[in-house]
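Taking it in order: structure first as structure tokens, then the write-up.
The values are calculated or read from the model by the stated rules, or taken from the named source; none is laboratory data. Quick caveat: nothing in here was measured; it's all calculated off a predicted structure. In this analysis, Cβ positions are derived from the backbone assuming ideal geometry, glycine residues included, and neighbour counts consider all displayed protein chains. Quick note on the areas: whole protein, heavy atoms, side chains included, nothing else; ligands and nucleic acids left out. Shrake-Rupley method; radii C 1.70, N 1.55, O 1.52, S 1.80 Å.
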Amino acid sequence: MPWRGTTGAAQPVAPEHRDAVLAGMDDARDRIVRTTFQSSFLLASWLLAVVAAVLVAVSGSSVHGPVFLWAPLWPLLAGSSGGVGIWTLGRQEQLRVEASALTPVPPAAPKRGRPGGPSGSKLALPGE
């Protein structure tokens with residue numbers, strides 16, 4: 001897909017990782033939605049702070065403090081965390097669709113014999 005680019009090319013979901021991807025998807029999605037939603041409160045608080053700073057500046061008070069120094073950076077912080085959250089949600093949904101399209105892989109057969117025991121012939125050669 002052209003939007004993935006060359007440096008951030010996503011690997012397809014391996015069939016043996018299907019169950020792990022689907023198992024952790026709901027918790028990860030809930031955390032990302034919560035963080036993205038909280039970034040909207042950062043934007044709202046920035047708007048209120050700018051309105052308050054303008055009102056203080058208009059009122060003639062000489063005590064506005066450094067609000068005009070951090071005011072341009074606040075929406076960048078909030079917007080970037082919200083944008084990254086939305087991008088991550090899209091990637092999570094893509095992984096979920098890819099993983100759910102795969103057929104479940106049956107578990108591997110357990111190894112035969114004793115754990116840690118020698119494999120192959122159990123007969124000792126002369127001199128061993």
Of the criteria (1) part of a helix (DSSP H, G or I); (2) surrounded by fewer than 10 Cβ atoms within 10 Å (Cβ to Cβ); (3) modelled with pLDDT of 80 or more, which one W3 fails = (3)
Kindly provide the set of residues from the stretch 95-114 that are of a type in the set (A, V, I, L, M, F, W, C) and surrounded by 15 or more Cβ atoms within 10 Å (Cβ to Cβ), ordered by number.
-> L95, A99, L102
Any idea which of (1) at pLDDT 75 or above; (2) closer than 30 Å to P15 by Cβ is the one K111 doesn't satisfy?
-> (1)
When the stretch 70-94 is examined, which residues are found to be aliphatic (A, V, I, L, M), open to solvent by 40 Å² or more (accessible area, probe 1.4 Å) and part of a helix (DSSP H, G or I)?
-> L76, L77, V84, I86, L89
Hey, can you tell me all the residues within the stretch 22-39 that are more than 17 Å from E93 (Cα to Cα) and either in contact (Cβ under 8 Å) with a residue 60 or more places away in the chain or surrounded by 12 or more Cβ atoms within 10 Å (Cβ to Cβ) (or both)?
-> Q38, S39
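Taking the condition at pLDDT below 75, in contact with a helix residue (DSSP H, G or I) (Cβ under 7 Å, 6 or more places away or on another chain) and open to solvent by less than 70 Å² (accessible area, probe 1.4 Å), does A49 pass? Can you show your working first?
Details: at pLDDT below 75: no; in contact with a helix residue (DSSP H, G or I) (Cβ under 7 Å, 6 or more places away or on another chain): yes; open to solvent by less than 70 Å² (accessible area, probe 1.4 Å): yes.
Spelling it out, it is not the case that A49 is at pLDDT below 75, in contact with a helix residue (DSSP H, G or I) (Cβ under 7 Å, 6 or more places away or on another chain) and open to solvent by less than 70 Å² (accessible area, probe 1.4 Å).
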When residues of the stretch 58-69 are limited to those that are modelled with pLDDT under 70, more than 14 Å from S45 (Cα to Cα) and not in a loop (DSSP other than H, G, I, E, B), the one most open to solvent (accessible area, probe 1.4 Å) = L69
